[in-house]
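Presented below is the structure to which this report refers.
The values are calculated or read from the model by the stated rules, or taken from the named source; none is laboratory data. Remember, it's a predicted structure, so these values are computed and weren't measured experimentally. Counting neighbours? That spans all protein chains shown, and the Cβs are built from the backbone with ideal geometry, glycine included. What goes into the accessible areas is simple: the full protein's heavy atoms, side chains included, and nothing from ligands, DNA or RNA. Shrake-Rupley method; radii C 1.70, N 1.55, O 1.52, S 1.80 Å.
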Amino acid sequence: MGISAGAHRLWAHRSYKAKWQLRLFLMICNCIGMQDSVIVWVRDHRCHHKWVETDADPYNIKRGFFFAHVGWLLMKKRAMVKEYGSKIDISDLTSDPILAFQHR
Ligand SMILES: [Zn+2]
């Protein structure tokens, strides 16, 4: 719920809108998912879609099936991922007080 319905569908792709009660619930579910804060997850996911299968893709499948699905969570990000990640607009996320609280 926290990753699929929250970080991915709601915050990364803006597939639907949610009132603060649902956003709070999904943020708590996202914490249980232990894949970093929504802000970090969505920034990485937007990088993934923008630069898929390049060295700027945080889950680059060319680094292997395991890395693309689990390994990216266990390793430090490459310099190019950090550099390109800083170019992603996440102002919609940082302006959400629920996400800012979770990130802090
Ligand atoms: Zn996606």
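Here W20 meets each of (1) aromatic (F, W, Y); (2) at pLDDT 95 or above; (3) within 16 Å of the ligand (Cβ to nearest atom) with one exception, condition (3).
Pairs only if they're at least six apart or on different chains, beta carbon under 8 angstrom, first in segment 1-29 and within 13 Å of Q102 (Cα to Cα), second of a type in the set (S, T, Y) and not in a helix (DSSP H, G or I); list them, first residue then second. As it stands, the answer is none, since no pair meets every condition given.
Condition check for N60 on (1) within 23 Å of A100 (Cβ to Cβ); (2) more than 13 Å from the ligand (Cβ to nearest atom): one failure, at (1). Against the numbered list (1) among the aromatic types (F, W, Y); (2) in a loop (DSSP other than H, G, I, E, B); (3) surrounded by 15 or more Cβ atoms within 10 Å (Cβ to Cβ); (4) out of contact with any His (no Cβ under 6 Å at 6 or more places or on another chain), Y16 comes up short only at (3).
Here's the yes/no breakdown for (1) open to solvent by less than 20 Å² (accessible area, probe 1.4 Å); (2) of a type outside the set (A, V, I, L, M, F, W, C):
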{"position": "R23", "(1), (2)": "no, yes"}
{"position": "I28", "(1), (2)": "no, no"}
{"position": "S37", "(1), (2)": "yes, yes"}
{"position": "D44", "(1), (2)": "yes, yes"}
{"position": "L73", "(1), (2)": "no, no"}
{"position": "V81", "(1), (2)": "yes, no"}
{"position": "Y84", "(1), (2)": "no, yes"}
